[in-house]
Structures are given as structure tokens and as C-alpha cells.
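S.K.: Before I ask anything, here is the structure I am working with.
The values are calculated or read from the model by the stated rules, or taken from the named source; none is laboratory data. None of these values were measured; they are calculated from a predicted model. Heads up, the Cβs are rebuilt from the backbone with ideal geometry, glycines too, and the neighbour counts pull from every protein chain shown. With ligands, DNA and RNA removed, areas are computed over all heavy atoms of the protein, side chains included. Shrake-Rupley method; radii C 1.70, N 1.55, O 1.52, S 1.80 Å.
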Amino acid sequence: MSLDPALRSRIETLLQSNRVVLFMKGAPDAPQCGFSAKAVGVLNALLPEGYAHVNVLADADIREGIKQYGNWPTIPQLYIDGELVGGSDIVEQMAGSGELHTALGLPPPDRRPPEFTITPEALDMLRSAIDNAGGGYAVQIDIDARHNVRLQLAPIDANAVSVEIEGVRLQTDALQVRRADGISIDWVDDERGRGLAVSHPLAAPPVKTLSPHEADARVRAGALRLVDVRPPDERAAASAPVAFDTLDHGVEALQALPKDTPLAFLCHHGGRSQQAAEHFRGLGFRDVYNVVGGIDAWADFDASVPKY
């Protein structure tokens with residue numbers, strides 16, 4: 001089936017008016033599929049000033065028409081200078097090799113190995129993990145735009161920037177390598193638990209704990225926003241006797257707050273609130289607390305709060 005001339009003209013106008021165009025599901029700050037998220041992760045790193053994008057979920061004609069236009073069956077699709085580059089896998093591969101930088105007229109990626117510290121104990125643990133995996137693996141270091149770090153075993157990637165320390169290969173994507181500068185990796189067995197402890201000086205501070213007594217005082221003083229993550233039926237059984245927000249209508253309003261807003265999260269015992277607190281820390285909030293013991297502990301502190 002031939003492409004409708006009017007639709008072809010719309011697409012060509014888009015491509016002629018913008019050097020870089022990504023046809024995707026969602027938007028760069030809120031991709032709505034994993035493949036689109038991978039593509040925007042690359043482009044956001046290379047083009048922080050922004051680029052043209054089209055949400056195909058909001059335009060059914062474009063969604064089907066762009067597949068015909070470039071004879072490419074899937075979304076996302078990246079165009080540079082009016083030419084189809086490809087989908088998310090090709091975008092990632094070209095970013096790793098430096099080809100995408102060239103296509104965008106950017107300097108080649110900085111492939112200097114990252115500067116980080118790792119203790120002998122952590123090296124021993126990672127070496128053991130690689131040996132148990134049967135070889136052919138490296139420690140993959142992934143760092144998001146907010147400098148949250150994740151380590152995992154991954155197949156050795158020839159395009160990655162890597163460093164080998166005493167037989168342990170650590171690798172990271174070329175687009176993330178400078179974010180990895182300053183990481184500390186340690187192995188701990190103390191009150192924090194037993195396992196790897198990874199920190200980055202630019203990441204948001206860890207979630208802190210707050211007693212119900214402290215939370216009560218700070219909310220009453222106007223120095224803290226309390227968020228009860230429980231559903232309405234649980235709150236009806238027992239609630240904190242201070243002002244609090246809920247998640248009944250979603251998280252958008254809270255996410256839009258300034259990132260230095262002090263937030264404390266509350267649930268029944270403290271488990272769900274810890275998860276919510278970690279989520280907001282991951283969004284870049286830098287003053288985040290979990291109310292230890294939840295509403296049950298609040299009832300121990302304040303007799304006006306019933307236990308349930």
C-alpha cells in the first residue's frame with residue numbers, strides 16, 4: 001500500500017525542519033516503552049539541549065506512516081539529516097562505537113577508563129562471582145543521569161570502556177564513563193548488611209530513618225512533608241494526627257516538588273514506605289526519610305492513634 005501523499009508531505013516537512021528527529025512512544029522525559037527508553041537514554045546524553053521527537057502513540061497516522069516511509073517496521077526510529085539511522089539497538093551500537101557522534105557532528109566519545117576506588121574485599125567477591133559464572137563475563141557498571149549506580153555481571157563487551165584490576169574486568173558504556181569517576185566499591189559485613197556497598201559522591205544521599213516522634217515534631221513545625229503510602233481503608237483504621245499527603249491520585253504532584261523538599265514516608269510497619277522513599281531518592285530528592293515502625297510505632301508514641 002502506497003503512502004498517502006499528504007502524510008508523506010507531513011513527514012518530510014518534519015525531517016526537513018529538524019536535523020535530528022526521533023519517532024518514539026512517549027516523550028524523552030517519559031518514554032512509554034523500553035526500546036524508546038533506550039534510544040532516548042543515548043540521545044539525552046549526547047544532545048542535552050534537546051532534539052525533535054514525535055510521540056507516535058498520539059498520532060496513529062504517523063505511527064503507521066513512518067513505518068512505510070522508511071521501510072522500517074518498528075518504533076522507535078531515529079532520523080539524522082533526513083536519513084533513517086535505525087532503531088534502538090542500532091542507536092546504542094553506533095553510540096558505543098562512536099559512529100553516532102560522527103553522524104551528529106560531535107567529538108568522539110571520551111574512552112579514558114573511569115577513575116574509581118575498589119577495596120580488595122570487593123575485588124575478591126567479584127572475582128569469585130565471575131569464576132562461578134564460567135568465564136567470559138565482566139562487572140558491568142551502569143550509572144544513570146542522577147548518578148545512581150548499579151553493578152551486575154554481563155558478557156564482555158568489546159565496545160565498552162573497560163579496566164582490568166587483578167583479573168577482574170570492569171566495564172561501562174562509553175556514554176556513561178565520565179559519570180563513573182569517583183565511584184567507591186566496597187564489601188561490607190556490618191549493621192548495613194552483608195554485600196557490596198557502592199557509593200557515588202554526586203548521587204542523592206541514602207534514605208534516612210526518622211522516628212514517629214521526630215516526624216511529628218518536624219511536620220508540626222512545617223519542616224517536613226509526610227506521605228502516607230497506605231490505601232484509604234488502612235488510613236481509616238489508623239492515621240497520623242498531623243498533616244500528610246497520600247498517593248491516592250498518583251505521584252505526579254509530589255514528583256514535581258523541588259528536589260530539596262524534605263519528604264518522609266509512612267506505612268503500616270515501614271516496608272512499603274521504604275520502597276516509596278527509595279523511589280523518590282532515585283528521582284533525585286536529596287532529603288528523604290522513612291518513618292521506622294510505621295503507624296504501629298506512631299501508636300506507641302501517641303496514644304490517640306489506634307493500633308490495627
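S.K.: Could you list, in sequence order, all residues of segment 232-250 that are out of contact with any strand residue (DSSP E or B) (no Cβ under 9 Å at 6 or more places or on another chain) and free of Cβ contacts under 8 Å to residues at least 12 places away in the same chain?
M.R.: Selection gives D233, A236, H249, G250.
S.K.: With the structure loaded, tell me whether F35 is touching a strand residue (DSSP E or B) at 6+ places or on another chain (Cβ under 6 Å) and within 22 Å of H101 (Cβ to Cβ) or whether it fails that test.
M.R.: So F35 fails the test.
S.K.: Then there's this: Please list, ordered by first then second residue, the pairs with beta carbon atoms under 6 Å, 6 or more apart or interchain, first in segment 1-25 and loosely packed, with under 14 Cβ neighbours inside 10 Å, second of a type in the set (V, I, T).
M.R.: Short answer, once both residue conditions are applied: none.
S.K.: Just to be sure before I move on: is T246 open to solvent by less than 60 Å² (accessible area, probe 1.4 Å) and within 21 Å of the chain's Cα centre (by Cα) in the structure I sent? Please lay out each step first, then the result.
M.R.: Working: open to solvent by less than 60 Å² (accessible area, probe 1.4 Å): yes; within 21 Å of the chain's Cα centre (by Cα): no.
No, not satisfied.
S.K.: I've got another one for you. Of these, P28, P76, which one is modelled with pLDDT of 95 or more and touching a strand residue (DSSP E or B) at 6+ places or on another chain (Cβ under 8 Å)?
M.R.: Matching residue, one of P28, P76: P76.
S.K.: While we're here: Quickly run through segment 47-66 and pick out the residues that are crowded, with 19+ Cβ neighbours inside 10 Å, part of a strand (DSSP E or B) and among the aliphatic types (A, V, I, L, M).
M.R.: V54
S.K.: Further question: Within the group L254, L226, which residue is aliphatic (A, V, I, L, M), under 26 Å from D144 (Cα atoms) and open to solvent by less than 40 Å² (accessible area, probe 1.4 Å)?
M.R.: Answer to the selection: L254.
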